[in-house]
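Okay, structure first, notes after.
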Amino acid sequence: MQVTVRDNNVDQALRALKKKLQREGVYREMKMRRFYEKPSEKRARDAAAAVRRARKMDRKRMERDGLIPRTPRPERSDSRRGR
């Protein structure tokens with residue numbers, strides 16, 4: 001993974017690197033590998049994730065077809081935009 005440093009702005013490059021690592025899932029992987037996970041626990045975790053994905057896909061399909069109302073998104077505050 002590579003990040004360019006522009007105008008000796010190391011802080012900005014570090015933020016960009018952290019964002020890339022977050023997007024790639026490196027932090028999640030490090031957290032998962034911190035302790036040994038038995039194969040049976042991994043299977044159970046993967047199965048639970050598959051169930052969550054299937055339920056979410058079904059919910060999105062039902063919302064799209066109009067069978068259930070769309071879930072309202074929470075309002076975002078403008079505090080991050082006013083930097």
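The values are calculated or read from the model by the stated rules, or taken from the named source; none is laboratory data. A quick note: this is a predicted structure, and the numbers were derived from the prediction, not measured. Quick reminder, even Gly has a Cβ in these numbers, built from the backbone with ideal geometry, and neighbours come from all protein chains shown. Note: accessible area is taken over every heavy atom of the protein model, side chains too, but ligands, DNA and RNA are not part of it. Shrake-Rupley method; radii C 1.70, N 1.55, O 1.52, S 1.80 Å.
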accessible surface per residue for segment 1-82, probe 1.4 Å, DNA/RNA/ligands not counted, whole Å² -> 102
Hits in segment 4-46: amide N under 15 Å from the 7 Å Cα→Cβ extension of Arg53, namely 43-46
FRET efficiency for Arg23 and Ala44 from the Cβ-Cβ distance with R0 = 22 Å, rounded to 0.05, comes out at 0.25
